[in-house]
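Colleague: I am attaching a structure below and will ask some questions about it afterwards.
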Amino acid sequence: ALLSPAMFRGQARQQVPHPGTVLGANGLPFMTEEERDVSRTAAFGLVAVVLIFPRLVGFIAAWAVAHWASSFVFTARVAVLKLADLGWVYLGAFLFSVMVSALNVGPMVYKNQVIK
């Protein structure tokens with residue numbers, strides 16, 4: 001093999017910090033508690049927006065379709081869903097979407113506490 005993993009054993013890759021960055025004993029950028037609190041607050045706001053905004057847009061679109069669309073067509077399609085008992089499938093898909101979004105953006109809260 002041209003590049004085998006054995007060639008890289010024992011070699012730590014050096015990462016060069018940005019100029020002027022003070023590193024702590026653990027190798028992460030040094031941050032005061034105030035900087036961490038500000039980063040944590042900003043990250044929680046971003047997580048809330050990422051979790052709430054897309055669902056809010058979807059609910060508004062669904063409400064608009066239900067309110068202004070042809071009521072006969074809408075009622076017939078909802079009746080099919082009720083008849084097949086598919087409401088639970090849609091609820092499960094919604095909850096799965098929320099879970100995936102939360103798992104993707106949740107670590108941002110912790111990342112922002114250690115990275116400037």
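Colleague: Got a sec? Which of PHE96, PHE72 is in a helix (DSSP H, G or I), free of Cβ contacts under 8 Å to residues at least 12 places away in the same chain and loosely packed, with under 10 Cβ neighbours inside 10 Å?
Modeller: When all the criteria are applied, what remains is PHE72.
Colleague: Regarding TRP88, is this residue at pLDDT below 90 and open to solvent by 70 Å² or more (accessible area, probe 1.4 Å)?
Modeller: no
Colleague: Have a look at VAL98, VAL109, VAL73 and point out the one that is modelled with pLDDT of 90 or more and out of contact with any strand residue (DSSP E or B) (no Cβ under 7 Å at 6 or more places or on another chain).
Modeller: After ruling out the rest, the residue left standing is VAL98.
Colleague: Kindly provide the set of residues from the stretch 27-69 that are open to solvent by 40 Å² or more (accessible area, probe 1.4 Å) and part of a loop (DSSP other than H, G, I, E, B), ordered by number.
Modeller: Across the stretch 27-69, the qualifying residues are GLY27, LEU28, PHE30, THR32, ALA69.
The values are calculated or read from the model by the stated rules, or taken from the named source; none is laboratory data. Model, not experiment: these values are computed from the prediction. Positions of Cβ are generated from backbone atoms using ideal geometry, with glycine treated the same way; all protein chains shown enter the neighbour counts. These area figures cover heavy atoms from the full protein model, side chains too; ligands, DNA and RNA do not enter into them. Shrake-Rupley method; radii C 1.70, N 1.55, O 1.52, S 1.80 Å.
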